[in-house]
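No lab work stands behind these numbers, since they all come straight from the coordinates. Just so it is clear, the model here is predicted, and its values are computed rather than measured. All Cβ positions, glycine included, derive from the backbone under ideal geometry; neighbour counts span all protein chains shown.
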Amino acid sequence: MTSARKKSRKPLLRHRLALCMGSGGVGKTSTAAALAYAGALAGQRCALITVDPARRLRSALGLDDLSAEPTRIDIQADGELHAMALDTKRAFDGLIARVSPSPDLTSRILANPLYRELSNELGGSTEYMAMEKLHELLACDYDLLVVDTPPSAHARDLLGAPRRIADLVDSGAASVLRAPASILTGNRIANATLSAVLRALELWVGKGLVGNLSDFASAFEPLLAGFRQRADDVQATLRDRGTAALLVTTPDPSAIRVAEELHRELRSQDLRVAGIIANQVHQVGRMSKQQHLRCSPALREKLWENHEEYARRARRDRKALRAIERDLAPVVATIPRLEDPIASLDQLAEMAEALLPQVS
């Protein structure tokens with residue numbers, strides 16, 4: 001094992017930010033929740049945020065609903081556990097208020113019909129708002145922030161959001177939106193095309209599109225420098241040594257293939273993978289065929305067969321994990337296979353207690 005691999009084995013709870021990423025169905029949400037819970041058991045003040053649109057986190061925490069603001073979870077621990085789900089619209093509105101130079105400009109933007117549509121529907125807004133929420137939470141006094149990201153394909157969009165917003169600011173697009181006609185050169189065909197496009201868009205957002213568009217861009221342009229600075233801050237945080245990118249996978253070959261693809265994607269973005277958390281791993285204790293069992297010989301034989309099958313799966317999983325360590329990153333924690341998904345706070349507590357010795 002290289003020295004870089006050895007260094008990456010340092011306890012996960014020493015990081016300030018942990019990003020749990022992986023394919024759907026590997027238990028990423030419950031793993032993220034258990035990691036934050038483990039931090040609270042270790043005496044840390046922890047916040048858990050989910051960007052996964054399935055919103056399965058509330059079930060793992062035993063909640064009927066999950067607020068868009070950090071909510072303290074009632075647990076038996078020396079530290080604290082706070083949890084929240086991303087609300088894109090509220091996060092976007094809050095960002096406008098924070099970077100706007102005046103309340104009047106904030107009100108002007110929030111009241112613009114085009115903004116109301118864009119803040120809900122703009123492609124990539126969810127990913128960017130997730131990073132913006134991280135920027136906000138990092139300014140709070142949390143010891144550990146754990147992010148339950150969307151499935152892997154969307155996680156790539158999430159991590160690339162700061163770079164895209166910076167590129168958008170640099171493109172000068174707001175200047176064009178402020179005066180749409182500026183893109184034309186007097187060509188009649190171009191003018192006719194633009195008019196047709198604007199008429200079609202007016203059917204979507206209502207009459208007065210050009211005026212709304214120009215007003216929105218004029219009001220929005222003074223905010224772009226603040227957007228760029230916050231995007232740069234988040235980008236720097238993602239590459240900071242205090243950030244741990246964690247790939248959650250099972251020993252299943254299809255899940256490992258997704259982890260390999262995501263690992264390559266993260267490397268291409270210069271993001272370091274701190275390690276692998278292997279979930280749903282078969283583990284079995286020792287058992288002798290001659291072990292005394294108070295049951296009939298037929299039942300004893302059946303129990304032995306079941307034990308041998310489980311032991312075979314455990315050996316297969318250990319082999320898969322050795323390959324992961326050789327090819328990708330160290331396995332920093334393993335979570336035993338559970339028959340049922342985590343659906344209560346008591347079950348989550350057991351998972352966190354099992355995880356704590358491996359990550360602290």
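Can you run phi through the Karplus equation (6.51, -1.76, 1.60; θ = phi - 60°) for the range 295-305 and list ³J(HN,Hα) in whole Hz, with x for Gly and Pro?
Calculated HN-Hα couplings, in order: 7, 6, x, 5, 5, 4, 5, 5, 4, 5, 4 Hz.
Could you check the spin-label model distance between R16 and S360? Points 7 Å from the Cα along Cα→Cβ, value in nm.
2.3 nm
Can you give me the distance in nm between label points at Q76 and E136, each placed 7 Å from the Cα along the Cα-to-Cβ direction?
3.4 nm
State whether the range 300-360 is rounded, prolate or oblate according to the following rule on the C-alpha gyration tensor (a ≥ b ≥ c being the square roots of its eigenvalues): a/c under 1.5 gives rounded; otherwise a/b larger than b/c gives prolate, and the remaining case gives oblate. If you can, show how the numbers build up before the last one.
On the way: a/c = 2.72, a/b = 1.12, b/c = 2.43.
Cα axes put the range 300-360 in the oblate bin.
Calculate the translational D of the range 12-101 in whole µm² s⁻¹ from Stokes-Einstein, where the hydrodynamic radius comes from the Kirkwood formula applied to all Cα pairs, the temperature is 25 °C and the viscosity 0.890 mPa s. Please report the intermediate quantities before stating the final value.
Values: Rh = 14.1 Å.
Answer, rounded: 174 µm²/s.
In nm, to one decimal, how far is the modelled label at N306 from the one at R241, with both set 7 Å along Cα→Cβ?
Label at N306, label at R241, 5.0 nm between them.
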